[in-house]
Amino acid sequence: MNIIVCAKQVVDVSEIKVDPNTNKPILAGVPQKISDIDKNAMEEAIKIKEKHSGKITALTVGPADAKERIKELLAMGADEGILIAQPEKLDYYVLSNILAAAIKKIGEYDIILCGEASIDLFSGQIGPRIAGLLNIPQITYAQDITAEKEKVVSERNLGDKAVTIESSFPVMITVTKEINEPRLPSLMQILAAANKPIHDWSAEDVASEKLEPKITTVDIKGVPMERKNVIYQNDIDESVGKLVDSLIKEGVLR
Amino acid sequence: MVLVYSDDHKLTLELLNKGSELARELNKSLTAVIIGKDEFSKDYIAHGADKVVIAETELNQFKAEEYTDILEGVIKETGSETILISSNKNGKELASRLAAKFKAGCITDCTNVYLKDKKLTAERIVYSGNAVAVEQFNTIPQIVTIPSKVFDPLPKDEKHKGEVIKKKIDVQKSSSKILKVQEMKTEGVNVEDAEIIVSCGRGFKNKEDIKLVSELADVLKGRTVGCSRPIAADLKWLSEDHWIGLSGHKVKPKLYIAAGISGQIQHIAGMRDSGVIVAINKDPEALIFKSADYGIVGDLYEVLPKLTDAIKTKMG
Ligand SMILES: Cc1cc2nc3c(=O)[nH]c(=O)nc-3n(C[C@H](O)[C@H](O)[C@H](O)COP(=O)(O)OP(=O)(O)OC[C@H]3O[C@@H](n4cnc5c(N)ncnc54)[C@H](O)[C@@H]3O)c2cc1C
Ligand SMILES: Nc1ncnc2c1ncn2[C@@H]1O[C@H](COP(=O)(O)O)[C@@H](O)[C@H]1O
């Protein structure tokens, strides 16, 4: 079984601070990590490999330091990593076309796994776009995957219903955060990962045409969060009394 | 041509509102698409559609591959350039696959859509709720997806005229197969419309304990219970219509009470527009206090019953 996991390096959104003057997020210096749900995708790939053997390739479009993230994926259980240098001008169109072209270049694949969405952009576009470009079936929001030799059965979580769907290979699946608990690699695995290959490709290596973004981000606006932050933390009865009085003053209790 | 599509009737009506505004400003006409049987064409025309295209098909279940083919056909046939699709889960995967087929730009989960310098412009939440990106299309076709409740439906205008066109479109059958559709139980709550919400998180130890929140919600006008993602998605203690946050429902009640919720940015993204925010958490360092107007540091098992009683006494 050949499995490709698309994983993205993102800023750790819980570490973002907001500039008090402009209200805009300060992104410089924020630690980077693997987008949360992409680790779930990786974990699912490992489980499938454990059952059927095969090869897992971790695929990232990102800056040079994303190599560190690929090393984490190799330590978790990927066999090989590919880092495609991120072009300067990028949108969902450009990104998905690079990924799809890279997947074509890899050539052999049965299952492509993505996250349901990335934690920085949260667009959910990349997986379905890749499937569309490769003209293969897509299964999104998978909360369960059972891979067999010739096919996969997966359950989509649509909130108000669960849809069980079966597909032959190749197929693109996006997973939810709840599908599994990603493993933490052991020290041995981390050390062993140093010997696994990471290939450096460029967008030009894979895509036959020059890709120009279809959309431009014209602004990133801050979202101010000004709250009173009145915290009662002594005697519970007293705190409850004060809270109720405050709520009455606010006019929200009627 | 402006075109709207959703597999949900209610969401189509909401899209028609924004669709008619854009069509007017762009001086184009507005098409609504129905895939399958014609149930709502009259309704869509009364809500602003100039044309309803009914794509007749034997398909009776949604599959993104096949529905993309159908919409691709309708879009080509009608020469549509601006496409509005609902941001429910089916809508998003459909819009994205469609965008791939058309080599088009697509912006999902738009919280606002408008024309600026004659270009279609959309706003969406990024960095899990830390910021809003303003994105603009450089090319057509241009595709946006819009979540429920961002726009209300326009009032019905029975005098508005439109034509209904039936079309048969060839579809490349998907090799995937739907084996089972299981309706999940929902309690039919509507957190988006609630005036007061009491929400629970992982600070609750057992499913039964959620009665502490519903009892408080009951004495407050509003009676609505919300929850964090793990309560609905991992533990499944509450149905997903209670789920609040970036990947759940966005709410703006007058009063939002969060009990046993840590206040991760993804949860805040769904409730930051609330009027007054109250947090109950036993950890004084919990992030939720930074996003709260009032907070009590304490064990929710002690605080909630006392709060419920105190409010009952005060309100009589
Ligand atoms: C892509 C993505 C999307 C997401 N979308 C959402 C979303 O839409 N909505 C959402 O909610 N989350 C979402 N999350 C998850 C989010 O990051 C947090 O994991 C989640 O909100 C945590 O839920 P919680 O606060 O209930 O649990 P925890 O973080 O476990 O917090 C439990 C809190 O309860 C407190 N507590 C424990 N016992 C008691 C007690 N006896 N009395 C009082 N307090 C107590 C603890 O101090 C703690 O602060 C998303 C995550 C990702 C990666
Ligand atoms: N730069 C990237 N490199 C590799 N995979 C990506 C990248 N961006 C997005 N993806 C994949 O697409 C999924 C959805 O991302 P998004 O469309 O940004 O919400 C992610 O969970 C990843 O699996």
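The values are calculated or read from the model by the stated rules, or taken from the named source; none is laboratory data. Given the structure is predicted, the values throughout are model-derived calculations rather than measurements. Note that we place each Cβ from the backbone using ideal geometry, even for glycine, and neighbour counts take in every protein chain shown. Quick note on the areas: whole protein, heavy atoms, side chains included, nothing else; ligands and nucleic acids left out. Shrake-Rupley method; radii C 1.70, N 1.55, O 1.52, S 1.80 Å.
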Checklist outcome for this item: For segment A:2-206, inverting the pair-averaged 1/r of distinct alpha-carbon atoms gives a Kirkwood value in Å of 17.3
Item to check | Restraint check, A:Lys33/A:Lys71; A:Lys49/A:Lys161; A:Lys51/B:Lys89; B:Lys76/B:Lys103, Cα-Cα greater than 18 Å | outcome: A:Lys49/A:Lys161; A:Lys51/B:Lys89
Checklist outcome for this item: With the full set of protein chains present, the residues of segment B:106-135 whose 1.4 Å probe accessible area falls by 40 Å² or more relative to the chain alone are B:Cys106, B:Arg124, B:Tyr127, B:Asn130, B:Val132, B:Val134, B:Glu135
Item to check | Computed log₁₀ I(q)/I(0) - Debye formula, equal Cα scatterers, no solvent, chain B, q 0.06, 0.08, 0.14, 0.16 Å⁻¹ | outcome: -0.25, -0.44, -1.05, -1.21
Checklist entry - Of the heavy-atom accessible surface of segment B:191-314 (probe 1.4 angstrom), what whole percent is carbon and sulfur? => result 49
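Just to confirm, what accessible area per residue do you get for the protein assembly as shown at 1.4 Å probe, in whole Å²? Please report the intermediate quantities before stating the final value.
On the way: 24120 Å² over 570 residues.
I get 42 Å² per residue for this part.
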Checklist entry - How about B:Lys159: which aspartates and glutamates have a C-alpha closer than 15 Å to its C-alpha, ignoring those fewer than 8 places off in the same chain? => result B:Asp43, B:Asp50
Item to check | 222 nm mean residue ellipticity, helices alone, for the protein assembly as shown (DSSP H n ≥ 4; -39,500 (n - 2.57); rounded to 500) | outcome: -9000 deg cm²/dmol
Checklist outcome for this item: Computed for the protein assembly as shown: size of charge dipole around the Cα centre, +1 on C-beta of each Lys and Arg, -1 on C-beta of each Asp and Glu, debye to nearest 20, value 500
Next on the checklist: Considering only protein heavy atoms and a probe of 1.4 Å, how much of the accessible area of segment B:2-168 is carbon and sulfur, as a whole percent?
Outcome noted: 47
Checklist entry - What is the Å³ per residue value for the convex hull set by the Cα atoms of segment B:91-200? => result 260
Next on the checklist: Tell me the relative contact order for segment B:1-101 as a rounded percent, counting alpha carbon contacts under 8 Å between residues six or more apart.
Outcome noted: 34
Checklist entry - Carbon and sulfur atoms: what percent of the 1.4 Å accessible area of segment A:2-206 do they account for? => result 50
Checklist entry - What is the mean projected area of the alpha carbon convex hull for segment B:1-146, to one decimal in square nanometres? => result 8.2
Checklist entry - What residues of segment A:100-121 lose no less than 10 Å² of accessible area with every protein chain in place versus their chain by itself (probe 1.4 Å, heavy atoms only)? => result A:Glu116, A:Ile119, A:Asp120, A:Leu121
Item to check | Inverse mean reciprocal Cα-Cα distance (Kirkwood Rh) of the protein assembly as shown, Å | outcome: 24.9
Checklist entry - Which order do peptides A:118-127, A:78-87 fall in by mean Cβ count within 10 Å, highest first? => result A:118-127, A:78-87
Checklist entry - How many Cβ atoms of partner chains, on average, are near each residue of B:172-184 if near means within 10 Å of its Cβ? => result 6
Checklist entry - In this model, which of B:Lys42/B:Lys236; A:Lys242/B:Lys221; B:Lys37/B:Lys180; B:Lys37/B:Lys118 are farther than 31 Å apart at the alpha-carbon? => result B:Lys42/B:Lys236; B:Lys37/B:Lys118
Item to check | Estimated buried accessible area (total), pair A and B, 1.4 Å, Å² to nearest 100 | outcome: 7600
Next on the checklist: Between segment A:147-192 and segment B:222-275, what is the separation of their alpha carbon centroids in Å?
Outcome noted: 26
Item to check | aspartates and glutamates whose Cα lies under 16 Å from that of A:Lys105, excluding same-chain neighbours fewer than 8 positions away | outcome: A:Glu80, A:Asp200, A:Glu204, A:Asp205, A:Glu209
Checklist entry - What share of the DSSP beta bridges in the protein assembly as shown is antiparallel, in percent to the nearest 5? => result 35
Checklist entry - Which value in Å does the Kirkwood hydrodynamic radius of segment B:53-100 take, with 1/r averaged over all unlike C-alpha pairs and then inverted? => result 11.2
Item to check | log₁₀ of I(q)/I(0) at q = 0.14, 0.18 Å⁻¹ - segment A:1-93, Debye sum with one point per alpha carbon | outcome: -0.57, -0.83
Checklist entry - If you take the C-alpha gyration tensor of segment B:191-314, multiply each eigenvalue by 5 and take the square root, what semi-axes do you get, largest first, in whole Å? => result 18, 15, 15
Item to check | Counting DSSP beta bridges with both ends in chain A, the antiparallel % (nearest 5) | outcome: 40
Checklist entry - Relative contact order for chain A using alpha-carbon pairs under 8 Å, separation at least 6, rounded to a whole percent? => result 24
